[in-house]
1. Suppose we keep only residues that are within 18 Å of Pro140 (Cβ to Cβ) and part of a loop (DSSP other than H, G, I, E, B) within segment 68-83. Which one would you say is nearest to the ligand (Cβ to nearest atom)?
2. Cβ-Cβ under 6 Å, sequence separation 6+ or interchain: first residue in segment 162-180 and open to solvent by 70 Å² or more (accessible area, probe 1.4 Å), partner of a type outside the set (Phe, Trp, Tyr). Which pairs?
3. What single numbered condition from (1) of a type outside the set (A, V, I, L, M, F, W, C); (2) free of Cβ contacts under 8 Å to residues at least 60 places away in the same chain; (3) open to solvent by less than 70 Å² (accessible area, probe 1.4 Å) fails to hold for Lys3?
4. In segment 36-55, how many residues are under 18 Å from Val104 (Cβ atoms) and touching a helix residue (DSSP H, G or I) at 6+ places or on another chain (Cβ under 7 Å)?
5. Out of all the residues in segment 27-50, is one or more at pLDDT 95 or above and in contact with a His (Cβ under 8 Å, 6 or more places away or on another chain)?
6. So how many residues does segment 40-53 have that are in contact with a Lys or Arg (Cβ under 9 Å, 6 or more places away or on another chain), open to solvent by less than 70 Å² (accessible area, probe 1.4 Å) and not in a helix (DSSP H, G or I)?
7. All but one of (1) closer than 19 Å to Arg12 by Cβ; (2) buried (at least 18 other Cβ atoms within 10 Å of the Cβ); (3) more than 13 Å from the chain's Cα centre (by Cα) hold for Gln100; state the number of the condition that does not hold.
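The values are calculated or read from the model by the stated rules, or taken from the named source; none is laboratory data. Remember, predicted model here, so these are calculated numbers, not experimental data. Quick reminder, even Gly has a Cβ in these numbers, built from the backbone with ideal geometry, and neighbours come from all protein chains shown. Surface areas here come from the heavy atoms of the whole protein model, side chains and all, with no ligands, DNA or RNA. Shrake-Rupley method; radii C 1.70, N 1.55, O 1.52, S 1.80 Å.
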Amino acid sequence: MIKIIGIAGSLRKQSYNTALLHAAAQLLPEHAVLEIATIRDIPLYNEDIETTEGVPQAVSLLQERIAASDALLLATPEYNHSMPGVLKNAIDWLSRPPEQIQRVFSERPVAVIGATPGGFGTMLSQNAWLPVFRRLGMRPWLGEKIMLSKAQHVFSEDGAIQDEAVRKQLASFLAGFVAFVRTNRLGAGGK
Ligand SMILES: Cc1cc2nc3c(=O)[nH]c(=O)nc-3n(C[C@H](O)[C@H](O)[C@H](O)COP(=O)(O)O)c2cc1C
């Protein structure tokens with residue numbers, strides 16, 4: 001069984017990116033699960049807190065979950081042509097202290113998807129994540145893209161994807177990503 005941890009970079013109840021992640025959980029191929037984690041309880045990064053108290057419990061719990069998984073899937077909004085601060089903040093905490101980078105991120109397959117009411121599908125936000133993945137030594141899967149624009153027409157009020165073509169695109173993306181994870185996960189093929 002392939003276990004993927006999914007994180008949405010929005011705290012909004014009606015978030016399109018959270019809805020996208022929930023849709024993804026329903027469209028995975030066989031023998032794969034997507035566990036959706038929240039970043040809601042992660043405070044703003046403050047090195048003084050790290051030095052005096054260590055990483056907050058919400059961070060260490062999520063570090064454990066990612067370390068025990070096969071891959072990470074980020075559903076990222078785009079803010080001002082880049083990634084949203086809340087998600088970058090969470091990833092920054094998760095990379096602390098630096099020894100955790102090896103355990104939590106290094107060599108771990110990762111993919112990024114995103115949705116926006118705007119016209120360019122979070123393209124610049126998704127691109128902005130690439131140097132972060134490189135810094136963390138991750139293995140980004142770039143085989144297909146999910147860059148949903150005009151998200152208000154893609155999702156129904158209850159957050160379901162109402163466009164069949166988008167569902168198919170997401171299922172194809174997930175099949176490709178899971179196949180990549182199978183051969184690139186830690187421990188596979190002697191890696
Ligand atoms: C501060 C801010 C900046 C934004 N900048 C962009 C942007 O550069 N490109 C874009 O497509 N949408 C932008 N948006 C609109 C977001 O895509 C929209 O709020 C989206 O619904 C956020 O994702 P969510 O639905 O998952 O919460 C911005 C929104 C905010 C609040």
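1. Of segment 68-83, the ones within 18 Å of Pro140 (Cβ to Cβ) are 69-76, 78, 82-83.
With the extra rule that they be part of a loop (DSSP other than H, G, I, E, B), the set shrinks to 69-70, 76, 78, 83.
Details: Ser69: 22, Asp70: 25, Thr76: 8, Glu78: 4, Met83: 10 Å.
The residue in question is Glu78.
2. If the second residue must be of a type outside the set (Phe, Trp, Tyr), the pairs left are Gln162/Ser156; Arg167/Ile161.
3. It is condition (2) that Lys3 fails.
4. Qualifying residue count for the region: 7.
5. Of the residues in segment 27-50, the ones at pLDDT 95 or above are 27-50.
If we keep only those that are in contact with a His (Cβ under 8 Å, 6 or more places away or on another chain) too, we end up with 36.
Scanning segment 27-50 turns up at least one residue that is at pLDDT 95 or above and in contact with a His (Cβ under 8 Å, 6 or more places away or on another chain).
6. Restricting attention to segment 40-53, the residues satisfying the condition of being in contact with a Lys or Arg (Cβ under 9 Å, 6 or more places away or on another chain) are 45, 47, 50.
From what's left, open to solvent by less than 70 Å² (accessible area, probe 1.4 Å): 50.
Filter again for not in a helix (DSSP H, G or I), leaving none.
Matching residues across segment 40-53 total 0.
7. (1)
Yes/no per residue for (1) more than 16 Å from the ligand (Cβ to nearest atom); (2) more than 22 Å from Val166 (Cβ to Cβ); (3) touching a residue at least 40 places away in the same chain (Cβ under 8 Å); (4) of a type outside the set (Gly, Ala, Ser):
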site	(1), (2), (3), (4)
Arg12	no, no, no, yes
Ser15	no, no, yes, no
Ala23	no, no, yes, no
Val33	yes, no, no, yes
Thr38	no, yes, no, yes
Ile66	yes, yes, yes, yes
Gly85	no, yes, no, no
Gln102	yes, yes, no, yes
Arg108	yes, yes, yes, yes
